[in-house]
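Comments concern the structure below.
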Amino acid sequence: MRTALCVLGAAAALALVPAGHARAEGQDPDRDFTISDPRITESSGLAASRAHPGIYWTHNDQDAPLIYGIDSRTGETVATLTMEGVGTPRDMEAIAVGPDGDIYVGDIGDNLDGSWDHVWIYRFPEPKTLKDQKVSAKQYVVKYADGPRNAEALMVHPKTGRVYIASKNQDGGGLYAGPERLSSSGTNTFRRVDEVPWVTDGAFSPDGERLVLRGYFSAKEYAWKDGRLVAEGLGDGGAGVGAPFQGQAESVTYTTDGSAFMFGSEGANSKVVRVDRAGAERPSGSGSGGPSEAPTTPGAPKAPATQDQGGQGNATVGFLVLAGATVLILGIKRLLRRG
């Protein structure tokens with residue numbers, strides 16, 4: 001069954017690459033890169049290191065307490081962290097770096113949609129050196145004020161340090177705020193503060209003024225103020241950011257300078273794709289790994305992402321393939337986890 005998943009994911013990914021799209025890899029940090037570590041087959045979260053420029057932290061969607069540091073210049077793993085002091089993870093889905101330099105890991109997935117009355121968050125200081133090592137982690141018990149649910153997105157605000165979780169539901173999920181400070185000695189109750197679409201990951205911008213949320217087929221960036229999503233005349237308040245087509249779209253984060261998004265997906269040799277933020281100033285020599293977009297004024301709808309010449313038909317076919325492949329992948333994955 002796992003082989004079938006890989007085949008479907010690979011077929012979808014091949015069908016969804018716009019014609020003529022090519023990117024140089026392994027030269028500069030924060031560009032497109034391919035995760036080469038054969039151990040990483042279900043990269044489910046992505047966070048840019050604050051201590052080590054060009055390094056991205058990720059983890060598998062599985063029950064091993066392992067966190068991997070990937071060098072975006074080469075795609076190679078430069079550190080494998082083994083969390084100690086926590087129980088056996090059930091379904092790690094998200095990762096973020098807080099303002100204190102600590103790494104937060106969300107063991108918040110629940111593919112049976114509410115079968116667990118609590119989930120966990122793990123937290124440990126980001127290592128000062130990049131090497132294989134054990135890290136002492138704190139474990140926090142999390143419950144939702146309105147009952148159990150499935151979630152794949154955990155975000156830590158870069159100024160306040162408050163932790164947020166976005167639940168995942170095909171009819172729309174909720175954005176939940178944790179207490180001002182997490183407690184390792186009791187239960188941390190997360191309360192619903194807003195509505196969100198179907199979300200597989202999210203991240204705050206480095207300045208804390210924006211929040212990006214992605215799903216399987218799209219991503220939106222929202223303005224953020226006083227602990228809430230801010231509507232800007234765009235219906236639900238979000239602006240599309242030209243997310244790339246990916247076999248199983250699982251993760252997103254900002255580059256540390258906030259000039260671009262980095263989008264990741266599950267699968268062996270999965271690719272992380274850079275998409276420049278519309279209107280953001282690009283660092284010297286930078287390029288975008290995703291569809292191009294024209295700059296927009298804040299709160300204004302963004303122009304549709306453009307395809308390479310001759311690629312529009314491929315993109316349409318690719319979207320249909322992606323939709324069908326995603327349904328099959330999710331169905332098979334659910335059967336695997338129930339079996």
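When we screen 207, 201 for residues that are at pLDDT 95 or above, out of contact with any Cys (no Cβ under 9 Å at 6 or more places or on another chain), closer than 10 Å to residue 153 by Cβ and acidic (Asp, Glu), the only hit is 201.
Listed by first and then second residue, the pairs with beta-carbon distance under 7 Å, at least 6 apart or on different chains, first residue in the stretch 141-169 and in contact (Cβ under 8 Å) with a residue 60 or more places away in the chain and farther than 17 Å from residue 196 by Cβ, second part of a loop (DSSP other than H, G, I, E, B) and not acidic (Asp, Glu), are 158/99; 158/206; 158/208; 159/99; 159/208; 161/98; 161/99.
Considering (1) at pLDDT 95 or above; (2) crowded, with 18+ Cβ neighbours inside 10 Å; (3) over 29 Å from residue 83 (Cβ atoms), the lone condition that residue 175 does not fulfil carries the number (3). Scoring residue 81 on the criteria (1) surrounded by fewer than 19 Cβ atoms within 10 Å (Cβ to Cβ); (2) over 25 Å from residue 199 (Cβ atoms) leaves a single failure, condition (1).
The single condition among (1) closer than 24 Å to residue 206 by Cα; (2) touching a Gly at 6+ places or on another chain (Cβ under 9 Å); (3) among the aliphatic types (A, V, I, L, M) that residue 108 does not meet is (2).
When the test is whether a residue is surrounded by fewer than 16 Cβ atoms within 10 Å (Cβ to Cβ) and among the small types (Gly, Ala, Ser), residue 205 does not pass it. Within the stretch 163-185, is there a residue that is among the aromatic types (Phe, Trp, Tyr) and within 19 Å of residue 107 (Cα to Cα)? Yes, there is a match, as at least one residue in the stretch 163-185 is among the aromatic types (Phe, Trp, Tyr) and within 19 Å of residue 107 (Cα to Cα).
Just checking, how many residues over the stretch 52-75 are out of contact with any Pro (no Cβ under 9 Å at 6 or more places or on another chain) and farther than 23 Å from residue 249 by Cβ? Number of matching residues: 1. Applying the criterion of being touching a strand residue (DSSP E or B) at 6+ places or on another chain (Cβ under 8 Å) and small (Gly, Ala, Ser) to the residues of the stretch 40-56, the residue that is surrounded by the most Cβ atoms within 10 Å (Cβ to Cβ) is 45.
Of all the criteria given as (1) over 15 Å from the mean Cα position of the chain (by Cα); (2) in contact (Cβ under 8 Å) with a residue 60 or more places away in the chain, the one not satisfied by residue 54 is (2).
Among the residues of this structure, residue 93 counts as one that is within 21 Å of the chain's Cα centre (by Cα), crowded, with 24+ Cβ neighbours inside 10 Å and touching a residue at least 60 places away in the same chain (Cβ under 8 Å). Candidates are the residues of the stretch 57-66 that are touching a residue at least 40 places away in the same chain (Cβ under 8 Å) and closer than 18 Å to residue 135 by Cβ; the one that is nearest to the chain's Cα centre (by Cα) is 58. Of all residues in the stretch 123-169, those satisfying the criterion of being small (Gly, Ala, Ser), within 19 Å of residue 88 (Cα to Cα) and crowded, with 20+ Cβ neighbours inside 10 Å are 137, 151.
Pairs linking a residue in the stretch 191-210 that is assigned to a strand (DSSP E or B) to a residue that is aromatic (Phe, Trp, Tyr), with Cβ atoms under 6 Å and 6 or more positions apart or on different chains, are 192/176; 203/254; 210/224. For the stretch 162-177, the criterion of being in contact with a His (Cβ under 6 Å, 6 or more places away or on another chain), of a type outside the set (A, V, I, L, M) and not in a loop (DSSP other than H, G, I, E, B) is met by no residue. Residue pairs whose Cβ atoms lie under 9 Å apart, separated by 6 or more positions or on different chains, with the first residue in the stretch 243-255 and touching a residue at least 24 places away in the same chain (Cβ under 8 Å) and within 14 Å of residue 41 (Cα to Cα) and the second β-branched (Val, Ile, Thr) and assigned to a loop (DSSP other than H, G, I, E, B), are 248/200; 249/200; 250/200; 251/200.
The values are calculated or read from the model by the stated rules, or taken from the named source; none is laboratory data. Values in this document were obtained by computation on a predicted structure and should not be read as measured data. Cβ coordinates were reconstructed from backbone atoms using ideal geometry, including for glycine residues, and neighbour counts include every protein chain displayed.
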